[in-house]
Amino acid sequence: MDRQLNITALRAACMAAMVCFSIVIPAGCKSEETPQQKQARIDAGIAEYQGQIRAVVHDPARADVLVSTVGEFQKLVHGAAAMTRNDRARVASLNANYESSRAEFEAMFREQSAEREALVRKAVGLREQMTTLTTDAEWEQLKKTRDEQFTAALQELQ
């Protein structure tokens, strides 16, 4: 199945995004949107996707599990956003301390890499679970909204 063969590509993309968002983009993107507005927009998108799941997946038991899995993914994204903010603060703190050693930076980067790897494993596991819960036709019908929600989730990490 093509959708299962792309796990390696998804894993690489997740790792690249996590590295970019946590290290390369130190302050994130400025936005006119308040945190409440941003959360409301994200929640509305998730609710839309969950509604589409229930419309496309006609087996209520599979739809329930799939909706639950989407909720788990959203919690994972919230955790990743908090982790990213924490990582940025740790980098800034070490960088501001001129007495920080190379070993301290290396230890911090090892910890951050391990955290990101665990996050990616969890995200890929959730995606694999989603692929096993849907038929090829259902997966394709949900593709557009799923891709939009995945993009929105990555933007939350900024």
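Within the set of pairs 6 or more residues apart or between chains, which connect a residue that is farther than 22 Å from Arg88 by Cβ and modelled with pLDDT of 85 or more inside segment 134-158 to a residue that is buried (at least 18 other Cβ atoms within 10 Å of the Cβ) and of a type in the set (A, V, I, L, M, F, W, C) with Cβ atoms less than 6 Å apart?
Glu138/Val56; Glu138/Val57; Gln141/Val56; Leu142/Val56
Only one of Glu138, Glu128, Glu111 is more than 29 Å from Ala40 (Cα to Cα) and either assigned to a helix (DSSP H, G or I) or not aromatic (Phe, Trp, Tyr) (or both). Can you tell me which?
On the way: Glu138 fails: more than 29 Å from Ala40 (Cα to Cα); Glu128 fails: more than 29 Å from Ala40 (Cα to Cα).
None of the others qualify; the one that does is Glu111.
Given Val91, Val70, which one is at pLDDT 85 or above and closer than 24 Å to Leu142 by Cβ? Please lay out each step first, then the result.
Values: Val91 fails: closer than 24 Å to Leu142 by Cβ.
The conditions single out Val70.
Under 6 Å between Cβ atoms, which residue pairs at least 6 apart in sequence (or on different chains) link something in segment 44-61 that is surrounded by fewer than 17 Cβ atoms within 10 Å (Cβ to Cβ) with a partner that is in a helix (DSSP H, G or I) and β-branched (Val, Ile, Thr)?
Once the first residue is surrounded by fewer than 17 Cβ atoms within 10 Å (Cβ to Cβ) and sits in segment 44-61, its partners that are in a helix (DSSP H, G or I) and β-branched (Val, Ile, Thr) give Gln52/Thr145.
Being in contact with a helix residue (DSSP H, G or I) (Cβ under 7 Å, 6 or more places away or on another chain), modelled with pLDDT of 80 or more, surrounded by 16 or more Cβ atoms within 10 Å (Cβ to Cβ) and within 22 Å of Arg116 (Cα to Cα) is the requirement here; does Met83 meet it?
Against the criterion (in contact with a helix residue (DSSP H, G or I) (Cβ under 7 Å, 6 or more places away or on another chain), modelled with pLDDT of 80 or more, surrounded by 16 or more Cβ atoms within 10 Å (Cβ to Cβ) and within 22 Å of Arg116 (Cα to Cα)), Met83 qualifies.
Taking segment 50-74 on its own, how many of its residues are in a loop (DSSP other than H, G, I, E, B) and in contact with a Leu (Cβ under 8 Å, 6 or more places away or on another chain)?
Taking segment 50-74 as the starting set, the residues that turn out to be in a loop (DSSP other than H, G, I, E, B) are 57-59.
If we keep only those that are in contact with a Leu (Cβ under 8 Å, 6 or more places away or on another chain) too, we end up with 57.
Number of matching residues: 1.
What's the total number of residues in segment 89-120 that are surrounded by 12 or more Cβ atoms within 10 Å (Cβ to Cβ), more than 17 Å from the chain's Cα centre (by Cα), within 30 Å of Phe150 (Cβ to Cβ) and not aromatic (Phe, Trp, Tyr)?
Restricting attention to segment 89-120, the residues satisfying the condition of being surrounded by 12 or more Cβ atoms within 10 Å (Cβ to Cβ) are 90-92, 94, 100, 104-105, 107-109, 111-113, 115-117, 119-120.
Now restrict to residues that are more than 17 Å from the chain's Cα centre (by Cα): 90-92, 94, 100, 104-105, 107-109, 111.
Pick out the ones that are also within 30 Å of Phe150 (Cβ to Cβ) and you get 90-92, 108-109, 111.
Then keep just the ones that are not aromatic (Phe, Trp, Tyr); that gives 90-92, 108, 111.
Qualifying residue count for the region: 5.
The values are calculated or read from the model by the stated rules, or taken from the named source; none is laboratory data. The model shown is predicted, which means the values in this text are computed figures rather than measured ones. Here the Cβ is made from the backbone with ideal geometry for all residues, glycine too, and neighbour counts use every protein chain on show.
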